[in-house]
1. Pull up the stretch 124-158, narrow it to residues that are touching a residue at least 60 places away in the same chain (Cβ under 8 Å) and open to solvent by 10 Å² or more (accessible area, probe 1.4 Å), then point me to the one that is farthest from Phe185 (Cα to Cα).
2. Which one is nearest to Val385 (Cα to Cα), of the residues in the stretch 250-296 that are assigned to a helix (DSSP H, G or I) and hydroxyl-bearing (Ser, Thr, Tyr)?
3. Would you tally the residues in the stretch 297-320 being outside any helix (DSSP H, G or I) and touching a Phe, Trp or Tyr at 6+ places or on another chain (Cβ under 8 Å)?
4. Name the residues in the stretch 340-356 that are open to solvent by less than 40 Å² (accessible area, probe 1.4 Å) and farther than 17 Å from Val279 by Cβ, would you?
5. Can you give me the ranges of the helices (runs of 4 or more DSSP H) entirely in the stretch 19-114 with at least 2 residues that are more than 30 Å from His214 (Cα to Cα) and in contact (Cβ under 8 Å) with a residue 60 or more places away in the chain?
6. Filter the stretch 358-374 down to residues that are in contact with a Gly (Cβ under 9 Å, 6 or more places away or on another chain), surrounded by fewer than 19 Cβ atoms within 10 Å (Cβ to Cβ) and in a helix (DSSP H, G or I), then give me how many there are.
7. Pick from Phe413, Phe441: which is out of contact with any Phe, Trp or Tyr (no Cβ under 8 Å at 6 or more places or on another chain) and in a helix (DSSP H, G or I)?
Amino acid sequence: MNSADAGPQGSEGSTVPSSDVPGRRSALLAVGALLLVTIIGTMSNNIVNVPLRQVAADFDEPVAYAVLCVSAFSLMLAITLPLTGWLGDRFGRKRVLVAFLALMCASQLAAALAPNLPFLIGTRALQGLGCSAIPPLVMGILIVVYPQQRGRLMGAWAAANGVGQALGPPVGGIVADAFGWRAIFVLVAVLTGIALAVISAAVPRVEPREAPFHVPGAVLLTGGAGLVLLGATLLSQPVVDRRVDVALVVLGVLLLAGFVRVSYGNPRALIPLRLIGEVRFFRSCFAAFAQMFMLGTSLVAAPLVLTGPMGLSLSQAGVIFFALPVMMAVSAPLVGRVAERWSPRGVLRLGLLGIVLVALASAVVVSAEVPPLVPLVLCLLLAGVAMAMVQTPAATGATRSPAGAIGSGLGLFNLTRFAGSTAGAAWVAMIAPSGRMGVIFVGAAVVGLVALGVTFAGRTPAHEPDVVAVAA
């Protein structure tokens, strides 16, 4: 294809065929569909959290077993992110996204017909696999087709994630109360089908490219990440010996070390180590981990405080906690515009500083015998703003780095995000039984402080050129 016949072009020669370059109306429709599917994917992660007791009762199983419906989704989602990113590079981002959305739609319908809990858990794992294509491929499509609007689009992408976080629990609870838990999966299947149809029709394609694939590295990265996240997830299961948890995490770390070993200097590495260590990608991953650690901590700890020492009902606690993800969603687009005009790293640092200060303030508030409601709500609102100030520039920084030019790099960035959320929930599971709720938020402050320090490491490239993704 001659350059004259191509649309936007990436740094390694990827092109959008000129016939596929969208007009303004088509572009708005395409972006809207991509953001809608981001909301659906994020919402799917936590939409069954509220009706878990109903699910367990229907199958006459303990609630602790039904929790695997949540962890099966999140684990499969997290560990396959780099691989689905690579598939997008190799076979075309739009094509792979459409295929995985079809898998997600089918597995949602299968879950609605689940005859027993093991079958439901299996379909939830398939849903996580289908959803794993959404974060890296949506990010990749947005930045390669609309490179001049990177900051604003990453703000909108961050807002979509916040909306999904906010909608999941209440939608799951309302639909399950009205129609039963199986209706939740029918609803998500319908929404996914609508998004799939619009994406197929409106989203431009970008030519795929040859992408290296190193089988040992892929196995070590996937297995290592899976074991670390599984060990962290099982911390919330009292029936599992802590020594088993520790052994899983240690084995996972060893496998990740093996990934580093086999990838070092390997021209066919799934993700070249020099790209992972590049300053913009490195600090973006650390910042995203800290932001999601704070979110994971808040998602679990705040409801425990609201329904425990504060004595609120589940519905009251849900309405109050709704403030945090809503504030994230509302703040993210504005943060994207500010970061475009000012400095993404400056906004990132302010956001991380905000996370540290809000976490410390939250630690003081929840340490009271009966925490006061107004200060706690204020902390939730400020936490939402601070997390939006981290999530948007972190995503922008990751997509501007050379690692953001490959699907597996975007997958690794999103794997880091989900690892932060899992680690935050595991931290709460470790500390909450002791009743020291303030310590939980102090831990979140420490993680945020470390990430803030990392933003001062290394020297940013002089011109911070936009590196456009190189695969459809």
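1. Out of the qualifying residues, it is Pro147.
2. Residue satisfying both the conditions and the ranking: Ser284.
3. Within the stretch 297-320, the subset outside any helix (DSSP H, G or I) is 308-313.
Among the residues that remain, those that are also touching a Phe, Trp or Tyr at 6+ places or on another chain (Cβ under 8 Å) are: none.
The number of residues fulfilling the criteria is 0.
4. Of everything in the stretch 340-356, those that are open to solvent by less than 40 Å² (accessible area, probe 1.4 Å) and farther than 17 Å from Val279 by Cβ turn out to be Gly351, Gly354, Ile355, Val356.
5. 24-46, 52-58, 93-112
6. 1
7. Values: Phe413 fails: out of contact with any Phe, Trp or Tyr (no Cβ under 8 Å at 6 or more places or on another chain).
None of the others qualify; the one that does is Phe441.
So that you can scan it fast, the table gives a plain yes or no per residue for (1) open to solvent by 50 Å² or more (accessible area, probe 1.4 Å); (2) in a helix (DSSP H, G or I); (3) modelled with pLDDT of 90 or more; (4) touching a strand residue (DSSP E or B) at 6+ places or on another chain (Cβ under 9 Å):
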site: Ala160; (1), (2), (3), (4): no, yes, no, no
site: Ala166; (1), (2), (3), (4): no, yes, no, no
site: Asp177; (1), (2), (3), (4): yes, yes, no, no
site: Ala201; (1), (2), (3), (4): yes, yes, no, no
site: Pro212; (1), (2), (3), (4): no, no, no, no
site: Gly231; (1), (2), (3), (4): no, yes, no, no
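The values are calculated or read from the model by the stated rules, or taken from the named source; none is laboratory data. What you are looking at is a predicted structure, and each value in this text was computed from that prediction instead of being measured. A quick note on method: Cβ atoms are made from the backbone with ideal geometry, for glycine too, and the neighbour counts reach across all protein chains shown. Ligands, DNA and RNA are excluded from the accessible area calculation, which covers all protein heavy atoms including side chains. Shrake-Rupley method; radii C 1.70, N 1.55, O 1.52, S 1.80 Å.
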